[in-house]
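The values are calculated or read from the model by the stated rules, or taken from the named source; none is laboratory data. The structure displayed is predicted, hence computed values, not measured ones. Cβ atoms come from the backbone with ideal geometry, glycine included; neighbour counts cover every protein chain shown.
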Amino acid sequence: MQPAPEVARGHYVHDGPPSLTLITIRTNDTGKGSHTALMINAEERVIFDPAGSFRHSQIRREGDVLVGISPIFWQGFRSMHARATHRVETQTVVVSPEVASMALALAYRSGAAPAAHCARNTSNLLAQLPGFEGMRPTWYPNELEERFIEATGAETVVYYEDFTPPGGLPANGVLGIDTTTVASLEES
């Protein structure tokens, strides 16, 4: 399989506005947070994935930065985490180009995090950004998500695969396609 053209160059430039998307993986049964990451749309689009486990042969990982997050790889990241036992919650906030660039630089400088440091490293990064100075560091994904929503007013999108909540899909819910690999999406 040939690398996707935008990934072959090692980065992907998304045409959306500069933004930060907080990603929280929660269990479907209790809602407990099990992982945190941050998608940064700046000069390039990356996912800051401290202590994360996402791997793909066409995605370069520099420390905890996943490089080349085109729409197909964003879908692959969500699909890898959303399953019968977990959902993906996101909040996106548009920021200035300067704040997005600063977040990108901080993510690249952070290096690789030890296990269980996802929320801690993400909250530490956010706390260094203008407009997020009041964001206190935390070890807990749910707490970080609550603080992010409080600080930004961003709306939550809940992404499910292989699971429909009792009572049906909430108004802010998205039922994703059931894919097993990113490669299968690229072939379609």
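A compact table of results
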quantity: Any pair with Cβ under 7 angstrom, 6 or more apart, that starts in region 66-95 at a residue that is more than 18 Å from Asp162 (Cβ to Cβ) and ends at one that is β-branched (Val, Ile, Thr) and assigned to a loop (DSSP other than H, G, I, E, B); calculated: Leu66/Ile59; Val67/Ile59; Gly68/Ile59; Phe73/Ile59
quantity: Options Val99, Val94: the member that is aliphatic (A, V, I, L, M), surrounded by fewer than 16 Cβ atoms within 10 Å (Cβ to Cβ), closer than 21 Å to Gly16 by Cα and over 14 Å from the mean Cα position of the chain (by Cα); calculated: Val94
quantity: Candidates Leu38, Leu66 - the one that is assigned to a strand (DSSP E or B) and either charged (D, E, K, R) or closer than 16 Å to Thr92 by Cα (or both); calculated: Leu38
quantity: So Ala115, is it buried (at least 20 other Cβ atoms within 10 Å of the Cβ), of a type in the set (A, V, I, L, M, F, W, C) and touching a residue at least 40 places away in the same chain (Cβ under 8 Å); calculated: no
quantity: Some residue of region 79-92 being touching a helix residue (DSSP H, G or I) at 6+ places or on another chain (Cβ under 7 Å) and of a type in the set (Ser, Thr, Tyr); calculated: no
quantity: Restricting region 52-65 to residues that are in contact (Cβ under 8 Å) with a residue 24 or more places away in the chain and touching a strand residue (DSSP E or B) at 6+ places or on another chain (Cβ under 8 Å), the residue that is nearest to Ala103 (Cα to Cα); calculated: Val65
quantity: Residues within region 29-51 that are among the charged types (D, E, K, R) and touching a strand residue (DSSP E or B) at 6+ places or on another chain (Cβ under 9 Å), tallied; calculated: 4
quantity: Checklist (1) closer than 30 Å to Pro170 by Cα; (2) touching a residue at least 40 places away in the same chain (Cβ under 8 Å) applied to Met135, failing item; calculated: (2)
quantity: Residue match in region 97-115 (condition: farther than 27 Å from Asn28 by Cβ, in contact with a Ser or Thr (Cβ under 7 Å, 6 or more places away or on another chain) and in a loop (DSSP other than H, G, I, E, B)); calculated: no
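Residue-wise test of (1) modelled with pLDDT of 90 or more; (2) of a type in the set (A, V, I, L, M, F, W, C); (3) farther than 17 Å from Ser123 by Cβ.
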| site | (1), (2), (3) |
| --- | --- |
| Gly10 | no, no, yes |
| Val13 | yes, yes, yes |
| Pro18 | yes, no, yes |
| Gly31 | yes, no, yes |
| Val46 | yes, yes, yes |
| Phe54 | no, yes, yes |
| Trp74 | yes, yes, yes |
| Phe77 | yes, yes, yes |
| Thr90 | yes, no, no |
